[in-house]
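Here the structure comes first, spelled out in structure tokens, and everything after it is commentary.
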2 protein chains.
Amino acid sequence: MIRRLAVIGVGLIGGSLARALRRVGQVGEVVGCGRGLGNLQRAQELGVIDRYSQDPAEAVVGADMVFVAVPLGAMASTFAALQGHLQEGAVVTDGGSAKASVVADARAAFGGLPPGFVPGHPIAGTEQNGVEASFAELYQDRRVILTPLCDTDPAATARVDLMWRACGAEVNYMTVEHHDEVLAATSHLPHMLAFGLVDLLARMRENDEMFRYAAGGFRDFTRIASSNPVMWRDICLANRDALSGMLSQFSAEMEQLAQSIAQGDGEQLLEIFSRAKQARDAFIDGQPSDGDNSL
Amino acid sequence: MIRRLAVIGVGLIGGSLARALRRVGQVGEVVGCGRGLGNLQRAQELGVIDRYSQDPAEAVVGADMVFVAVPLGAMASTFAALQGHLQEGAVVTDGGSAKASVVADARAAFGGLPPGFVPGHPIAGTEQNGVEASFAELYQDRRVILTPLCDTDPAATARVDLMWRACGAEVNYMTVEHHDEVLAATSHLPHMLAFGLVDLLARMRENDEMFRYAAGGFRDFTRIASSNPVMWRDICLANRDALSGMLSQFSAEMEQLAQSIAQGDGEQLLEIFSRAKQARDAFIDGQPSDGDNSL
């Protein structure tokens with residue numbers, strides 16, 4: 001049970017955590033914090049938060065749990081604003097999609113990693129933003145990855161673990177580096193390809209025509225290119241090492257595939273496509289059918 | 001009105017044409033032809049075709065319209081089997097996803113392009129195969145591209161145009177080369193990226209884990225990697241010039257993007273992502289919301 005939860009950044013991710021904890025009666029008071037006054041007022045009207053402050057230092061007064069759900073590019077300044085204002089024994093966790101950069105930001109702002117800081121990442125989201133888009137079921141049956149470090153207090157980790165389980169999520173553990181590699185492959189790289197493909201078509205002569213002849217497969221394939229450009233710039237910068245390496249590798253493999261096609265190497269093509277179809281079909285068999293929560 | 005329609009290849013594409021024409025009463029008799037006896041029998045039971053023959057030469061006897069809906073790799077042998085057996089004045093059209101290769105196959109088999117041959121491509125489909133998957137509404141509000149050549153009889157083109165409109169489709173015209181470029185960009189290239197991405201993940205260490213952490217966005221992005229590998233090998237080989245060129249270009253741009261990420265060039269990233277989001281959102285605004293028909 002959390003007595004007072006401070007949510008820094010009351011958007012889809014932060015708002016949905018507050019709603020989920022309220023639904024199961026696992027939180028006393030919720031204090032919101034953010035830059036947009038209108039969004040905070042709306043969050044209060046909707047009952048997602050009880051009260052708010054636009055000052056992070058004020059928002060965390062007396063909070064035993066702090067959830068930082070700001071964009072990756074705002075982590076450093078948020079941590080800096082919290083420094084010296086956290087309650088003794090307060091647990092701090094976050095929702096950032098890359099973990100090495102968040103850990104580095106925390107280390108710099110706090111002058112070393114506080115034992116009560118548990119880096120985390122709920123693998124859930126939609127293309128929507130803001131508290132209006134938040135809902136209590138966002139984390140139901142979704143995975144949350146926690147990446148505690150050697151100096152993280154196990155009791156703090158256990159509290160964050162419990163919090164996410166109360167929201168219906170499955171909690172998994174990884175190292176920071178492994179998390180960033182897995183996410184580069186399964187989320188960040190696909191976003192780069194979708195953005196890149198749509199951008200390529202948009203820059204072609206007669207691009208209106210290109211999009212006119214694109215059918216349903218193209219629609220699904222490029223849906224993630226409608227994601228927030230600022231958020232994705234921040235993710236790229238935060239996970240630059242893992243992502244740039246994987247994108248380079250993919251690029252080299254696509255050049256090889258282009259060569260196989262140009263040379264008419266049907267055997268090689270069939271091998272790649274068959275292996276992919278098999279993996280994709282097996283992946284789908286092993287997943288819940290609800291495709292609503294993306295990222 | 002078509003008196004006798006011969007459908008060579010009674011699968012999703014061929015079967016759906018027959019169903020659609022029957023529904024609007026625009027066809028007298030439908031004769032099916034294919035390699036699989038079970039599928040032909042099933043097509044007859046379902047009322048998609050009236051009768052069938054496994055011999056293309058026999059199937060087209062007395063047909064005033066012939067629709068060739070076989071895989072691209074089987075076009076050449078199908079045309080060769082038809083040579084000398086078509087009725088005087090018969091119109092022949094096809095459903096191949098690449099057009100230069102089909103035209104070349106027809107030219108070789110018939111010893112020059114017959115004036116009654118109208119190359120075509122309905123931009124519709126699902127991941128399903130076979131006559132069981134066919135349905136009368138597949139072409140409703142979908143586009144069909146016809147690519148008649150200088151030596152194509154305009155009256156033949158007009159008959160094919162009318163046939164597709166009767167199925168509820170919008171008919172557009174392009175040159176063979178332009179068709180192959182547009183399809184390389186909007187359909188063939190996305191399929192290569194989806195196949196390639198899933199294959200890359202499948203070959204990674206701990207690939208089970210990779211797929212386990214993939215969320216809804218990944219599912220949508222890679223849905224087309226479940227497509228038929230043989231069909232896609234054939235498409236790659238048939239459209240090798242346009243596709244290999246475009247894939248090479250995309251690969252080079254992804255390598256540049258990897259460099260921008262590695263160098264932390266946030267401005268460049270934001271520019272690409274913003275342009276893509278804008279194009280994608282505009283594309284979606286201009287499209288019907290039904291996402292059922294892919295390819």
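Here are a few things to note about the model shown:
- The range B:57-208: radius of gyration over Cα atoms, expressed as a fraction of 2.2 N^0.38 Å: 1.18
- The mean count of C-beta atoms from other chains within 10 Å of the C-beta of residues in A:168-178, rounded to a whole number, is 1.
- Peptide-level mean, for A:260-266, of C-beta atoms on other protein chains within 10 Å: 6
- Total formal charge among the other residues, if their Cβ is under 12 angstrom from that of B:VAL102, Lys/Arg +1 and Asp/Glu -1: -2
- Stokes-Einstein D in µm²/s, Kirkwood radius over Cα pairs - chain B at 4 °C with 1.567 mPa s viscosity: 63
- In a fully extended conformation the segment linking A:ALA104 and A:MET1 would gain 34.1 nm over its present Cα-Cα distance, using 0.36 nm per residue.
- Each label point was placed 7 Å from the Cα along the Cα-to-Cβ direction; for A:TYR173 and B:GLU206 their separation is 1.3 nm.
- Most fluctuating residue given options B:ARG280, B:ARG143, B:ARG219, as computed from a GNM of chain B linking Cα atoms under 10 Å: B:ARG280
- Teacher prompt: B:GLU88 distances to equivalent labels in other copies, 7 Å Cα→Cβ, nm: 10.6
- Label-point spacing at A:ARG205 relative to the other copies reads 4.8 nm, in ascending order, each point sitting 7 Å out from Cα along Cα→Cβ.
- Expressed to the nearest 5 percent, the antiparallel share of DSSP beta bridges inside the protein assembly as shown is 15 percent.
- For chain A, built as a Gaussian network whose Cα springs stay under 10 Å, the top-fluctuating residue of A:GLY264, A:GLY168, A:GLY245: A:GLY264
- When the Gaussian network model of chain A links Cα atoms closer than 10 Å, the mean-square fluctuations of A:VAL61, A:VAL92, A:VAL48 top out at A:VAL61.
- Annotation: peptides B:70-78, B:10-18, A:186-194, ranked by per-residue average of other Cβ atoms within 10 Å with the highest first, follow the order B:10-18, A:186-194, B:70-78.
- Segment B:SER53-B:GLN128, extension gain: residue separation times 0.36 nm, minus the distance between their alpha carbons: 24.6 nm
- Where both bridge residues fall in chain B, DSSP classifies roughly 15% of the beta bridges as antiparallel.
- With a 10 Å cut-off around each Cβ of A:240-252, the average count of Cβ atoms from other chains is 5.
- Long-range Cα-Cα pairs in the protein assembly as shown (distance over 35 Å), rounded percent: 45
- Position B:ARG51, label points 7 Å along Cα→Cβ, spacing to each other copy in nm (shortest first, one decimal): 8.8
- Here the range B:179-285 yields Rg over Rh of 0.99, to two decimals, using C-alpha coordinates and the Kirkwood radius.
- Among residues other than A:ARG4 with Cβ under 10 Å from its Cβ, the summed charge is -2 (Lys and Arg +1, Asp and Glu -1).
- Principal semi-axes in Å for the range A:1-99 [√(5λ), Cα gyration tensor, largest first]: 18, 15, 13
Coordinate-derived values only; no laboratory data. Note that the structure is a prediction, hence the values are computed from the model and not measured. When we count neighbours, we look across all protein chains shown, and the Cβ atoms used for this are built from the backbone with ideal geometry, even at glycine.
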